[in-house]
Amino acid sequence: MNYSRAVRHYRIQLILKRVRTYLYWLLVLALLLLLLINPHRSTVAGLLANLAGKCTGAVVAIFADNPQNLMAAVMPAMAWADESAVRSGPEMIMLALGTITRVDMHNPQNLIQSQIPFFTDTNTQQPEEGLRLIVPPDDERDKNARDHLEGPALVAIYNTHTGETYALTDGVERLNGKRGAVVQVAEVLEEQLNKHGIGVVRSDTVHDAEYNRSYIESEKTVQKFLEEHENLQLLLDIHRDAARPRSDSYIEIKGEKVARIMFVVGSDARMPFPNWQQNLAAARQVESKMEEMYPGLSLGIRVKEGRYNQHYHPGAMLIEVGTVENTTEEALRAAKLLGDILARVLKEDNFQNMHTESFKSTSY
């Protein structure tokens, strides 16, 4: 009797084990299907990358004495990148995830950045040839504002969401507490305006270490700009747009893919902002010049309910250069074109006449 019960129990356990196995595979297939049809694939890729990064610390403690074992434990996909190797089921799943999340399994740098986000540092990202960036020492980079030309600054540039970056290059959408690629975009914009002889002051202060306080922190930078530079005509907050289809995220100009640009203007829907129409007029003038010079580059102007610190200045606007579906190189190309456009607008008499010196109210 006891033997019969033991046999039945064993058979039941064997059946349950097989059922669990089938359920696991069904779950994996369901997840793959969801990833394939999910428009926010980049977000999922970022979550997977962050999870892998968190596991790295524990692995280091175990395998620190053996670098080869450490690399194998942290990034098993490195071994799977060998096309001659015979791959197991899990390896094939990882390759499929690589296709879906756009993490190149055969590119060590991209693979390392996706599995260990710590190595994704804006200082190590190299833009394409012709868009070389000069990164000053840390003590200079920490300065809030820098003038690069003699004479008054006409344009102020900063990033409220400093950690925003481009998922197709970095594997993640945001570098929490660090400077993302939008800071590089702001720097290229600054350099391009300088080439046109326009004075620029720029801040690379990290404002989004606490994301919910981003605009509270960037407000301090805006106030500092206005206190120290009374001739400012444009106050630009450079961002990266959220998820948008890849087909809408770039345009080809002279044979190169360039990230498209959107303008965001605040309104008085939530809080007092009596002069927001002046900001809208400034954005329309820039957007119109953009369409004239590079048709299709602009994604238009979006009026939103928040103020975004634009109530401090009539030439303040939020500019979204590209989306998460762009590469950093595409965004840097857009920044160069944006610099040419802004330079043209600033030299037009009707824009200079629109600037109002008395419009520097610090509260409403």
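For this structure, a couple of remarks:
- Strands (runs of 3 or more DSSP E) enclosed by region 246-364 - at least 3 residues per element that are modelled with pLDDT of 95 or more and open to solvent by 20 Å² or more (accessible area, probe 1.4 Å): 250-253, 298-303
Every residue, every condition in (1) under 21 Å from Ile238 (Cβ atoms); (2) among the hydroxyl-bearing types (Ser, Thr, Tyr), yes or no:
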{"position": "Ser267", "(1), (2)": "yes, yes"}
{"position": "Trp276", "(1), (2)": "yes, no"}
{"position": "Ala282", "(1), (2)": "yes, no"}
{"position": "Val286", "(1), (2)": "yes, no"}
{"position": "Met290", "(1), (2)": "yes, no"}
{"position": "Pro295", "(1), (2)": "no, no"}
{"position": "Ile301", "(1), (2)": "yes, no"}
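- Among residues of region 220-248 that are under 14 Å from Asn159 (Cα atoms) and of a type in the set (Lys, Arg), those with a beta-carbon under 6 Å from a residue that is part of a strand (DSSP E or B) and open to solvent by less than 20 Å² (accessible area, probe 1.4 Å) at least six positions away or on a different chain give the pairs Arg240/Glu164.
Listed here are the residues, each with its yes/no results for (1) polar (S, T, N, Q); (2) in contact with a Ser or Thr (Cβ under 6 Å, 6 or more places away or on another chain).
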residue	(1), (2)
Thr169	yes, yes
Gln184	yes, no
Glu187	no, no
Gln192	yes, no
His196	no, no
Arg202	no, no
His207	no, yes
Lys224	no, no
Arg240	no, no
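- Taking the listed residues Val206, Val172, Val185, the one that is under 23 Å from Gln310 (Cα atoms) and open to solvent by less than 40 Å² (accessible area, probe 1.4 Å) is Val185, with no other qualifying.
- Filtered by the rule that a residue be charged (D, E, K, R) and surrounded by fewer than 19 Cβ atoms within 10 Å (Cβ to Cβ), region 232-245 gives a lone residue, Arg244.
- Residue list for region 155-179, restricted to those being more than 14 Å from Glu320 (Cα to Cα), at pLDDT 95 or above and touching a His at 6+ places or on another chain (Cβ under 9 Å): Ala156
The values are calculated or read from the model by the stated rules, or taken from the named source; none is laboratory data. Values in this document were obtained by computation on a predicted structure and should not be read as measured data. All Cβ positions, glycine included, derive from the backbone under ideal geometry; neighbour counts span all protein chains shown. Note: areas computed on protein heavy atoms with side chains; ligands, DNA, RNA excluded. Shrake-Rupley method; radii C 1.70, N 1.55, O 1.52, S 1.80 Å.
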